[in-house]
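The values are calculated or read from the model by the stated rules, or taken from the named source; none is laboratory data. Quantities reported herein were computed from a predicted structural model and do not represent experimental measurements. Methodologically, a virtual Cβ is constructed for each residue, glycine included, from the backbone with ideal geometry; neighbour enumeration extends over all protein chains shown.
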Ligand code: C5P
């Protein structure tokens, strides 16, 4: 007979977790905005957008684990600057998932951060979407994409895009996502200027001129669907760029630097601070990265969709 503990169970049974330990490791890709027009300010304080977002192959990695610690959330991260508390979108995503599904399990997340933060690359939003999708798989909750998109929209304007991924035209606050079937592989050089931009500050400083002609999103959609690199360059647009460059003047130097290698197709992503340049191919992007490295710029990435 095995020895029994005070509760009458054998020691082996006492240490056994309530749920078997379940883990999953997933990547959470960044995005760039190929087009962003602001149509107006909404009564809820947000801005009505038309934006084309493209997932790129620069990604964070998340290791998710379901634990038997009743609705507990534990978050660790490789980046010491990133708060691992309730303000982190990863934490919020885990909590919203627990609340919506009523699951009793705890969640442990380890985040390997590679996407620069406050850079207009959607890193935090992508991490949050990955938590929702990953927990849906781990917990066998079988939530529909519509349910996940709804939870994602409550976490942030860019999160629903990352539930779908790929390339998409996003409207509303950003949460109305129409996927675009892009077959061509576009290459970009992406530069992070080591500046953290506040998205709210950029939007708050945007002056909306209702008489101004709006940029038409259909040109870029056509360019992407027809694999036309030349028409892509002339239809890249970001309404937030001028405001961000005014607020963070150092960004101009970085934009100018990329423009010294690429005569067109250089743009700020989202509210910044990352700036990308569309390259003819991966070789050109690699050459620019090498040249930037020689000038002391270490945070440059060769990326594609
Ligand atoms: O939705 P999210 O929390 O990511 O947005 C961050 C900030 O960006 C908002 O607080 C708001 O100031 C601004 N924003 C906006 N209109 C959007 C998206 C974001 O004004 N469509």
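Inspect the range 60-68 for any residue being within 30 Å of residue 265 (Cβ to Cβ) and either more than 15 Å from the chain's Cα centre (by Cα) or modelled with pLDDT of 95 or more (or both) and give the result as yes or no.
Yes, because at least one residue in the range 60-68 is within 30 Å of residue 265 (Cβ to Cβ) and either more than 15 Å from the chain's Cα centre (by Cα) or modelled with pLDDT of 95 or more (or both).
Scanning the range 207-223 for residues that are in a loop (DSSP other than H, G, I, E, B), within 21 Å of residue 266 (Cα to Cα) and in contact (Cβ under 8 Å) with a residue 24 or more places away in the chain gives 214, 215, 217.
Scanning the range 160-204 for residues that are surrounded by fewer than 17 Cβ atoms within 10 Å (Cβ to Cβ), more than 22 Å from residue 236 (Cβ to Cβ) and touching a helix residue (DSSP H, G or I) at 6+ places or on another chain (Cβ under 7 Å) gives a single hit, 201. Of the residues making up the range 224-243, those that are part of a helix (DSSP H, G or I) and free of Cβ contacts under 8 Å to residues at least 60 places away in the same chain are 225, 229, 230, 231, 233, 234, 241, 242, 243. Put simply, of 163, 197 the only residue that is in a loop (DSSP other than H, G, I, E, B), within 16 Å of the ligand (Cβ to nearest atom) and within 22 Å of the chain's Cα centre (by Cα) is 197. For the range 140-159, filtered to residues that are surrounded by 21 or more Cβ atoms within 10 Å (Cβ to Cβ) and part of a loop (DSSP other than H, G, I, E, B), the residue that is nearest to the ligand (Cβ to nearest atom) is 156.
Among residues of the range 187-202 that are closer than 21 Å to residue 296 by Cβ, those with a beta-carbon under 6 Å from a residue that is within 14 Å of the ligand (Cβ to nearest atom) and in a loop (DSSP other than H, G, I, E, B) at least six positions away or on a different chain give the pairs 192/119; 196/118. Residue 189 - would you say it is under 28 Å from residue 292 (Cα atoms) and either assigned to a loop (DSSP other than H, G, I, E, B) or over 19 Å from the mean Cα position of the chain (by Cα) (or both)? For residue 189, the condition - under 28 Å from residue 292 (Cα atoms) and either assigned to a loop (DSSP other than H, G, I, E, B) or over 19 Å from the mean Cα position of the chain (by Cα) (or both) - is not met. Residue pairs whose Cβ atoms lie under 8 Å apart, sitting 6 or more positions apart in sequence or on different chains, and linking a residue in the range 163-180 that is over 22 Å from residue 131 (Cβ atoms) and touching a residue at least 12 places away in the same chain (Cβ under 8 Å) to a partner that is assigned to a loop (DSSP other than H, G, I, E, B) and within 16 Å of the ligand (Cβ to nearest atom), are 169/217. Annotation: residue 60 fulfils all but one of (1) buried (at least 21 other Cβ atoms within 10 Å of the Cβ); (2) in a helix (DSSP H, G or I); the unmet one is (2). The single condition among (1) touching a helix residue (DSSP H, G or I) at 6+ places or on another chain (Cβ under 6 Å); (2) part of a loop (DSSP other than H, G, I, E, B); (3) buried (at least 24 other Cβ atoms within 10 Å of the Cβ) that residue 119 does not satisfy is (1).
Could you please find all residues in the range 63-79 being in contact (Cβ under 8 Å) with a residue 40 or more places away in the chain and either within 16 Å of the ligand (Cβ to nearest atom) or assigned to a strand (DSSP E or B) (or both)? Spell out the reasoning first.
Of the range 63-79, the ones in contact (Cβ under 8 Å) with a residue 40 or more places away in the chain are 63-68.
Selection gives 63, 64, 65, 66, 67.
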